Amino acid sequence: MVAELDVEVAVVGAGFGGIGMGVALREAGVARFVILEEADDLGGVWRDNTYPGCACDVPSHLYSFSFAPYRSTSCRYPAQPEILDYLRGVAREHGLEPHLRFRSRVETAVYQDGAARWEITTRDGARIRADVVVFAAGQLHRPHVPDIPGRESFAGAMFHSAAWDHDCDPTGLDVAVIGTGSSAAQLLPDTAARARRVTVYQRTPHWVLPKPAADFGPLSRAALRLPGAHRMYRRALYTGADLLLAPIMRRGWSARPARALARMYLRRSISDPELRAALTPDYPIGGKRILFDSAYYPTLTRPNVELVTDPIARITPGGITTGDGRHRPADVIVFATGFRAPEFLVPMEVRGRGGRSLRQEWAAGAEAYMGLAVPGYPNAFLIAGPNSFTPAGSNPTLKEHQIAYIIDCLRWRERTGAAAIEVGEVAMRRYRRWLKRSLAATVWPDGVRSWYRHPNGRVTNPWPASTRAFARMLRAPVDQTFVPVAAVTDDRHFTSAII
Ligand code: N01
């Protein structure tokens, strides 16, 4: 790693967001940029999550970049290794490899008022000066491993779903899976097929909708070979997600049919009334991310699988004890317990104008204009920042909209000749009001516990509207949203830095 580097743009993170940003920078003619990645490969969540059964529950024809559309005529839901390969292919084909710097974990990013530039330090001691910084660290990359009493005493193998221990073969073993979200649902079928016994510890049931088969049938395969079919299919998925899924979160027209379908699917899949009752959510559909999965319920009916709803009291060297005093043995514990999603950019230290600290400003919950810019942090952008995760569509699509807007911002900055630009307070206030109103119409604010919310209850992660609405709102001209910021050399002028 070079110890000192001077670039136009430093991108932090090499997942879908960072790779998409890199491609856009190259197309915009920006030559001097780096993509800093803490791991030793690109891929983000698609690199980290290698648990058996890991796949995307959004069809890849939509869950791919518009400039590099996924075009299989046989498979609609490729597995994790193929999604990772897809991202690697995009990076290679768009010439990003020379820009990627692995094992570069960003520790600090500090805006230099005098130079109107960012100074970034990485754990390995590198110092990078950049005109612009784009944080593309994502929302779901820091595993949450609950501090359950006795955890350290466990004598067997114990790991998080996003750090799967492939040396641990569950064949013939007793496995405990804690959590029942998307990751647990996907890893259970393979684990249950191999283990002697699997105990699933559920705290809150999820709403589950069936997922179509991973592979297309013969008719769809033939149809996808027709000219323009892929484009039409992608459009149909995009529109379908907006019209059918997005309204569910807002108690809109599709919430009732979706709930009825989920209930019917549960009834048909689970005949044991006790198990069915345990799996029936008591909160509005959409309160947690809906599981699209057709293998989860059938797995729970296997004779070697037990669903436990008594709360976990403690972990012992040989298993797990629940609140009712019952102890179940375990050789392996899988924490499918999610991510520290509301802690955006942690543990990076990010300091903006006048030394202000993003961590302090976000202590009661992160917020950013359209999930991409924060007043007081000039020339800094985010991809997939606060409230820009869609639970009702394709996140790469939202990221592409943000990336296009960031490029517009960079062009505007160049045109105006400003040293730096930042989102203006007026635009931020207007957006904040809109966001508050829109979130209030969703099922999230007073609802069930989920990773969508900061521990204080504030909804910090999901986008409350359709993807089309996201794209439309990002059509707001940059000059009506951002303001120029001058370089300031005198401490007293920090407050008047905005031109
Ligand atoms: O995590 P989660 P995930 N004791 O937060 C439980 C995306 N994803 O990794 O619901 C006991 O959903 C927790 O219980 P509760 C997708 O966006 C996408 O599964 O809080 N249990 C819950 O059951 C998803 O939403 C794909 O009561 C504890 C579970 O752990 C996101 O990633 C595939 C506990 C965590 O569920 C996260 O999914 C996989 C404790 N102390 C993931 N703490 C796709 O297909 C937590 N839990 C695109």
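Some notes on this structure:
- Of all residues in segment 176-210, those satisfying the criterion of being part of a helix (DSSP H, G or I), more than 7 Å from the ligand (Cβ to nearest atom) and among the small types (G, A, S) are A185, A192, A193.
- Hits in segment 457-477 - residues which are within 16 Å of the ligand (Cβ to nearest atom), polar (S, T, N, Q) and part of a loop (DSSP other than H, G, I, E, B): T460, N461
- Among the numbered conditions (1) surrounded by 15 or more Cβ atoms within 10 Å (Cβ to Cβ); (2) more than 16 Å from the ligand (Cβ to nearest atom); (3) in contact (Cβ under 8 Å) with a residue 40 or more places away in the chain; (4) on the phi < 0 side of the Ramachandran plot, the only one that F292 does not meet is (2).
- Close pairs from segment 442-456: first more than 10 Å from the ligand (Cβ to nearest atom), partner polar (S, T, N, Q) and modelled with pLDDT of 95 or more, Cβ under 7 Å, at least 6 apart: R453/T460; H454/T460
Yes/no matrix, rows are residues, columns are (1) within 16 Å of the ligand (Cβ to nearest atom); (2) not in a helix (DSSP H, G or I):
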{"position": "A14", "(1), (2)": "no, yes"}
{"position": "G29", "(1), (2)": "no, yes"}
{"position": "I35", "(1), (2)": "no, yes"}
{"position": "R47", "(1), (2)": "yes, no"}
{"position": "T50", "(1), (2)": "yes, yes"}
{"position": "S64", "(1), (2)": "yes, yes"}
{"position": "A91", "(1), (2)": "no, no"}
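- Strands (runs of 3 or more DSSP E) fully within segment 320-417 that include at least 3 residues being under 26 Å from A163 (Cβ atoms), within 16 Å of the ligand (Cβ to nearest atom) and at pLDDT 95 or above: 332-335.
- Close pairs from segment 38-65: first closer than 28 Å to A236 by Cβ and without any contact (Cβ under 8 Å) to a residue 60 or more places away in the chain, partner more than 9 Å from the ligand (Cβ to nearest atom) and hydroxyl-bearing (S, T, Y), Cβ under 6 Å, at least 6 apart: S60/Y70
- Residue within segment 216-230 that is touching a residue at least 12 places away in the same chain (Cβ under 8 Å), within 16 Å of the ligand (Cβ to nearest atom) and either under 29 Å from N395 (Cα atoms) or in a helix (DSSP H, G or I) (or both) present: no
The values are calculated or read from the model by the stated rules, or taken from the named source; none is laboratory data. Computed from a prediction, not measured in an experiment: that's the story for all the values here. Note: ideal-geometry Cβ built from the backbone for every residue, glycine included; neighbour counts use all protein chains shown.
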